[in-house]
Amino acid sequence: MQVLRLSRFLGWFSIGLGLFQILGGRSLARTIGMRRHTGLIRAFGVRELANGAAILANPASAPFLVARVAGDALDLAVLTSTPVYGPRERANAKWAIAAVAGITLLDILCAARLSTEDDDELPGLPIYWD
């Protein structure tokens, strides 16, 4: 099932992102204009690690992908409401928002595919990874 490959990819993506947020939280915060929010970024990293581990433990579980969508919504809310301090940080924050929006789309598509009983029931949402 192709959707399981996407689910596993998203699980590994979560783990990689979580590690990056935890280990490079200060640098990431500085890059996107959130210097005073390093702890928040690291907390988001812990959330990503936990969610990624849950997805990899059961890649056919739609609720774990829905949890990723909820986390993405939280990330977008924080990114769009955080003041940035200069043009470089503002541009970086915009790129971060675009990246989160893109991965959110994949999370939604994967969750939708997993929530159906038969993977072939959604012809409008093809996911090919060959």
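Observations on the structure shown:
- Percent carbon-and-sulfur accessible area, the chain, ignoring ligands, DNA and RNA, probe 1.4 Å: 66
- Annotation: per residue accessible area for the chain equals 56 Å², rounded to a whole number [probe 1.4 Å, protein chains only].
- Between the helical axis of 38-57 and the longest alpha-carbon principal axis of the chain there is an angle of about 10 degrees.
- Projected onto its three principal axes, the C-alpha set of the chain covers 48, 27, 24 Å, listed from the longest axis down.
- Relative contact order (%) - criterion: Cα under 8 Å, at least six apart; region: the chain: 33
- Counting only alpha carbon atoms, the long axis of helix 62-81 and the longest principal axis of the chain meet at about 20°.
- Check: the chain dipole with +1 on Lys, Arg Cβ and -1 on Asp, Glu Cβ, in debye: 1080
- Helix axis angle, 2-23 relative to the chain longest principal axis, alpha carbon, degrees: 20
- Pairs of alpha carbons in segment 11-67 separated by more than 12 Å make up 62% of all such pairs.
- Segment L76-I97, length gained on full extension (0.36 nm per residue, minus Cα span): 6.9 nm
- Segment T31-T116, length gained on full extension (0.36 nm per residue, minus Cα span): 26.6 nm
The values are calculated or read from the model by the stated rules, or taken from the named source; none is laboratory data. Predicted model, so just to flag it, every value in this text is computed and none were measured. Every residue, glycine as well, gets a Cβ built from its backbone with ideal geometry; the counts of neighbours run over all protein chains shown. The protein model used for the area step is the full one, side chains on, heavy atoms only, and it has no ligands, DNA or RNA in it. Shrake-Rupley method; radii C 1.70, N 1.55, O 1.52, S 1.80 Å.
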